[in-house]
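Each value in this text was obtained by applying a stated rule to the coordinates, not by laboratory testing. Bear in mind that the values here come from a model prediction, so they are computed numbers and not experimental data.
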Amino acid sequence: MSSMMKMWISFASMGFMFVSILIIFLSRYKLNNKILKFTTALIAYLLMISGGLMMIYIVFSGPTGV
């Protein structure tokens, strides 16, 4: 995999993690509806897990040969 592709994957991973932090904040402190609160928290945690897995893949796939 090229270094540019790894860069974009890592940016997407950081974006997923940032968005999940915002959604978790929204879910915990701003929403009152239980179903909406659960749905947004579920989406946020799925984004956090997928972002973490993508970051683990990028870190452990090693350096790219340029």
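Taking Cα atoms, how many degrees apart are the long axis of helix 3-25 and the longest axis of the chain, rounded to 10 and kept between 0 and 90? Roughly 10 degrees, rounded to the nearest 10.
With n ≥ 4 as the cut-off for DSSP H runs, can you work out [θ] at 222 nm for the chain, using -39500 (n - 2.57) per run divided by the number of residues, rounded to the nearest 500? Before the final figure, lay out the partial values.
Numbers: 2 runs with 50 residues, N = 66.
That calculation yields -27000 deg cm²/dmol at 222 nm.
For the chain, the relative contact order comes to 48 percent (Cα pairs under 8 Å, sequence separation of at least 6). Between the helical axis of 34-60 and the longest alpha-carbon principal axis of the chain there is an angle of about 10 degrees.
State log₁₀ I(q)/I(0) for the stretch 3-60 at q = 0.12, 0.18, 0.19 Å⁻¹ as given by the Debye formula over alpha-carbon point scatterers of equal weight, solvent excluded. Relative scattering, expressed as log10 I(q)/I(0), comes to -0.32, -0.59, -0.63.
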